[in-house]
Amino acid sequence: MVNLRQAFRHSPSSQEAATRHYLVYLTGEPEDQRLLEFVERVSHRPNTEITLAYVVEVDQAMPLDAELPQEIERGEDVLHAAELLAARCVASRAMVTTELLQARSAGAAVVDEAVETDATAILMSCRLRKKHGKISTGETLDYVLRHAPCEVIVIREKMSRQPISGVTDQ
């Protein structure tokens with residue numbers, strides 16, 4: 001597969017080529033903390049850009065541009081808290097931006113944002129759960145892993161010895 005956007009670009013200077021852009025998908029769950037800890041580690045590299053993204057998923061029965069004030073407020077709160085934490089951890093070492101996206105599918109929105117920002121990597125967290133009797137990481141992670149144009153870094157919490165929601169450590 002050829003990336004036309006890169007194929008028609010001029011040759012980047014060595015400084016531009018060294019820029020790494022991380023797209024961090026936040027959900028408002030406790031696992032976001034681990035993602036932000038990882039962001040702190042990677043921000044020590046020079047020329048690092050970080051985009052913190054939250055997706056408001058719109059039900060198929062509603063118009064895509066539907067006003068969802070509660071969901072949007074939650075997304076803004078998640079992004080604001082993450083931005084404050086990232087600003088303390090990253091300081092001036094990296095440029096941090098936030099994106100509140102509204103889409104039918106979070107996975108598709110994350111992949112589109114990665115393409116649009118020419119992301120070097122997507123950072124995501126996952127939680128194992130049982131769906132239809134099988135262990136699942138969720139539709140969003142599955143979609144991103146199958147369609148992302150860049151590396152995908154997934155952080156999963158350590159499994160406990162006690163089964164959680166029917167998920168066992170195997």
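Structure data summary
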{"read-out": "Yes/no for GLN6 being of a type in the set (S, T, N, Q), under 18 Å from VAL115 (Cα atoms), over 12 Å from the mean Cα position of the chain (by Cα) and modelled with pLDDT under 80", "value": "yes"}
{"read-out": "Count - residues of region 66-87 that are under 24 Å from GLY138 (Cα atoms) and either in a loop (DSSP other than H, G, I, E, B) or acidic (Asp, Glu) (or both)", "value": "5"}
{"read-out": "Selection status of ARG74, over 11 Å from the mean Cα position of the chain (by Cα), surrounded by fewer than 21 Cβ atoms within 10 Å (Cβ to Cβ) and within 19 Å of ALA87 (Cα to Cα)", "value": "no"}
{"read-out": "Single residue of PRO63, PRO30 found to be assigned to a loop (DSSP other than H, G, I, E, B) and either at pLDDT 90 or above or more than 19 Å from CYS126 (Cβ to Cβ) (or both)", "value": "PRO63"}
{"read-out": "Residues located in region 124-136, provided they are surrounded by 17 or more Cβ atoms within 10 Å (Cβ to Cβ) and either without any contact (Cβ under 8 Å) to a residue 12 or more places away in the chain or of a type in the set (A, V, I, L, M, F, W, C) (or both)", "value": "MET124, CYS126, LEU128"}
{"read-out": "Odd one out for HIS80 among (1) buried (at least 17 other Cβ atoms within 10 Å of the Cβ); (2) under 20 Å from PHE38 (Cα atoms)", "value": "(1)"}
{"read-out": "Leading residue by the ranking (surrounded by the most Cβ atoms within 10 Å (Cβ to Cβ)) among those in region 32-67 that are over 19 Å from ALA114 (Cβ atoms) and in contact with an Asp or Glu (Cβ under 9 Å, 6 or more places away or on another chain)", "value": "VAL58"}
{"read-out": "Where LEU123 falls short, out of the listed (1) farther than 15 Å from VAL55 by Cα; (2) of a type outside the set (D, E, K, R); (3) out of contact with any His (no Cβ under 9 Å at 6 or more places or on another chain)", "value": "(1)"}
{"read-out": "Strands (runs of 3 or more DSSP E) enclosed by region 88-151 - at least 2 residues per element that are basic (Lys, Arg), at pLDDT below 80 and touching a strand residue (DSSP E or B) at 6+ places or on another chain (Cβ under 8 Å)", "value": "129-131"}
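The values are calculated or read from the model by the stated rules, or taken from the named source; none is laboratory data. Quick caveat: nothing in here was measured; it's all calculated off a predicted structure. Glycine also receives a Cβ, built like all others from the backbone with ideal geometry; neighbour counts cover every protein chain displayed.
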